[in-house]
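Student: Sharing a structure with you now.
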Amino acid sequence: MLCSGRTLLCSTALRGTQHPAVRVLGCRPYSTASAADGSGHDSLAAAVSHTLEVKKSKFVASAWPVTDSSQALELLAKHKDDAASHNCWAYKCDQDFRCSDDGEPSGTAGRPILGAIEGEELDMVMVVVTRFFGGVKLGAGGLVRAYGRAARECLRQGDRVHIAATAEMSAEVPCEHMGAVFVLLEQHGIQRLGEQYRFC
């Protein structure tokens, strides 16, 4: 049997420019370090932590970049301190977000942490703020300020990375043109994910 063509799976930033021989079949986002058109969102480049002390209570904030909510909850299970008074947290993964007060008065911990993530205009991020009670009650307003400040200062200390809006696409190309296609992909900064061969 002879090979009549093979399907090339690739992804590229959404620039609206395509080689005439490429037929787009589908799309999906993927990550890159920067985007020329400013589309996409910012996230953390790596894990970061910060400690804040307020009236003898210690607030230890930890933040991580995450790929989805499942990874965020795995990080919570791994890093929460059972000896602490509270492990309050929030994550934001695109349109999926959650937060928890973990026993603090309602709305005084998880929501301020989530507000810090949104205020710093970050996405795909998990933040846990662990409180060690120091014997002095802070009141509802004091808790909101302390949790929000701990999360915000932690996020501001972290390095950022831009996640560009991109697309995944597939194209069917005759075998004799594959060399030229690979050159074009490299010239336009397209990430090649793999190939599927079709025989007939």
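The values are calculated or read from the model by the stated rules, or taken from the named source; none is laboratory data. Not measured: the values here are computed from a predicted model. Every residue, glycine as well, gets a Cβ built from its backbone with ideal geometry; the counts of neighbours run over all protein chains shown. Note: areas computed on protein heavy atoms with side chains; ligands, DNA, RNA excluded. Shrake-Rupley method; radii C 1.70, N 1.55, O 1.52, S 1.80 Å.
Student: Pairs under 6 Å by beta carbon, first residue polar (S, T, N, Q) in the stretch 45-71, partner open to solvent by 70 Å² or more (accessible area, probe 1.4 Å) and part of a strand (DSSP E or B), six or more apart or different chains?
Tutor: 62/49
Student: Which one of these is at pLDDT 95 or above and open to solvent by 30 Å² or more (accessible area, probe 1.4 Å): 73, 52?
Tutor: On the way: 52 fails: open to solvent by 30 Å² or more (accessible area, probe 1.4 Å).
Only one candidate passes the filter, namely 73.
Student: Looking at the structure I just gave you, is residue 19 open to solvent by 40 Å² or more (accessible area, probe 1.4 Å), modelled with pLDDT under 95, in contact with a helix residue (DSSP H, G or I) (Cβ under 6 Å, 6 or more places away or on another chain) and within 30 Å of residue 186 (Cβ to Cβ)? Explain how you work it out, then say what you get.
Tutor: Numbers: open to solvent by 40 Å² or more (accessible area, probe 1.4 Å): yes; modelled with pLDDT under 95: yes; in contact with a helix residue (DSSP H, G or I) (Cβ under 6 Å, 6 or more places away or on another chain): yes; within 30 Å of residue 186 (Cβ to Cβ): yes.
Yes.
Student: Next question, about the same structure. Pick from 189, 135, 103, 107: which is of a type outside the set (A, V, I, L, M), part of a loop (DSSP other than H, G, I, E, B) and more than 28 Å from residue 59 (Cβ to Cβ)? Give the steps one after another, and end with the answer.
Tutor: Values: 135 fails: more than 28 Å from residue 59 (Cβ to Cβ); 103 fails: more than 28 Å from residue 59 (Cβ to Cβ); 107 fails: more than 28 Å from residue 59 (Cβ to Cβ).
None of the others qualify; the one that does is 189.
Student: Out of the stretch 55-70, which residues are in a loop (DSSP other than H, G, I, E, B) and either at positive phi or open to solvent by less than 40 Å² (accessible area, probe 1.4 Å) (or both)?
Tutor: Matches in the stretch 55-70: 55, 56, 66.
Student: For the stretch 162-175, what are the residues that are surrounded by 15 or more Cβ atoms within 10 Å (Cβ to Cβ) and either over 30 Å from residue 62 (Cα atoms) or modelled with pLDDT of 90 or more (or both)? Steps first, please.
Tutor: So the first thing to find is which residues in the stretch 162-175 are surrounded by 15 or more Cβ atoms within 10 Å (Cβ to Cβ), and the list is 162-173.
Correct list: 167, 168, 169, 170, 171, 172, 173.
Student: Related question: I'm trying to understand the selection: among the residues of the stretch 183-198, which are modelled with pLDDT of 75 or more and open to solvent by 60 Å² or more (accessible area, probe 1.4 Å)?
Tutor: 183, 186, 187
Student: Enumerate the pairs (first residue in the stretch 136-156 and open to solvent by 60 Å² or more (accessible area, probe 1.4 Å); second residue anywhere and of a type in the set (Phe, Trp, Tyr)) with beta-carbon separation below 9 Å, excluding pairs fewer than 6 apart on the same chain, so at least 6 apart or on different chains.
Tutor: Short answer, once both residue conditions are applied: 149/59.
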